[in-house]
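I have placed the structure first, in the form of structure tokens, so that the comments after it can refer back to it.
The values are calculated or read from the model by the stated rules, or taken from the named source; none is laboratory data. All of these numbers come straight from a predicted model, not from anything done at the bench. Because the Cβ atoms are built from the backbone with ideal geometry, glycine has one as well, and the counts that use them run over all protein chains shown. All accessible areas refer to the heavy atoms of the entire protein, side chains included, with ligands and DNA or RNA removed. Shrake-Rupley method; radii C 1.70, N 1.55, O 1.52, S 1.80 Å.
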Amino acid sequence: VLFRSGRHGHMCAVRDSSAPIHDGEGHLVGWVVVFHDVSQIQQMAQQLSWQASHDPLTGLVNRREFERRLAQLIDAAGADGRQHALLYMDLDNFKDINDKFSHQVGDHALRQIGNILSDSARGSDLTARIGGDEFVIVFPNTGVAKARMLGERIRQNLNTHDWSALLPGQKITASMGVAEGMAGDTLDKLLDRADKNLYKAKEGGRDQIQ
């Protein structure tokens, strides 16, 4: 229940309880109603829920939540025949950045990469960090050609980002694999196809999309 309180009229969440009041003859003469402000409890619950489904470093969806949502999307797409595509991205030689500049600097770079991916994706897309330097983006209702075009835009945004303040003389590139959802897909099948295309990009010279 929402309740308006305070002189500024702020809304807060409340939980109410009530009990009847009877006179000496057992007649109902009124009620006692007690309101408890549960705003802080709700905020803590929301925070815990967010932490359980998001990567603490980048703020992107984590692997567990990504797999849950992708499985739902695959089931829904199988029912209504809609297309979907998955982009699997791995940063090129990111270990060298950690070794050269420190893991703390590497973490700062990962945060910026998370921001780049979020800014580059569409509102309907699902962006997740599923490993140390591995990211995925799910493109709902999107064919593989459009997904490749969106992935190329992300790759270019990574290339043109100004890394000079954080990584002097260094830039960050990524290899990407795109796979289109197919009838009868499972989560593992779709991930496996995208992963194989990712490694084709690695073997083809990196900093490209396959």
Can you name every residue in the range 147-156 that is surrounded by fewer than 15 Cβ atoms within 10 Å (Cβ to Cβ) and either within 18 Å of L126 (Cα to Cα) or aromatic (F, W, Y) (or both)? M149, E152, R153
Residues of the range 86-100 being in contact with a helix residue (DSSP H, G or I) (Cβ under 6 Å, 6 or more places away or on another chain) and either farther than 13 Å from L117 by Cα or free of Cβ contacts under 8 Å to residues at least 12 places away in the same chain (or both), in sequence order, are L86, I97, N98
Which members of the range 164-185 meet the condition of being in contact with a helix residue (DSSP H, G or I) (Cβ under 7 Å, 6 or more places away or on another chain) and among the polar types (S, T, N, Q)? Q170, T173, S175
Answer yes or no as to whether R206 is under 27 Å from Q72 (Cα atoms) and of a type outside the set (A, V, I, L, M). no
Scanning the range 76-128 residue by residue, those among the small types (G, A, S), within 18 Å of E152 (Cβ to Cβ) and surrounded by fewer than 18 Cβ atoms within 10 Å (Cβ to Cβ) turn out to be S118
Residues of the range 157-192 being under 15 Å from D90 (Cβ atoms) and buried (at least 16 other Cβ atoms within 10 Å of the Cβ), in sequence order, are L158, I172, A174, S175, M176, G177, V178, A179, L191
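Residues of the range 193-210 being open to solvent by 20 Å² or more (accessible area, probe 1.4 Å) and closer than 18 Å to H84 by Cα, which ones?
Going residue by residue through the range 193-210, those that are open to solvent by 20 Å² or more (accessible area, probe 1.4 Å) are 193, 195-197, 199-200, 202-208, 210.
Across the range 193-210, the qualifying residues are R193, D195, K196, N197, Q210.
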Expected single match for in contact with a strand residue (DSSP E or B) (Cβ under 6 Å, 6 or more places away or on another chain) and of a type in the set (S, T, Y) among S175, S120 is S175
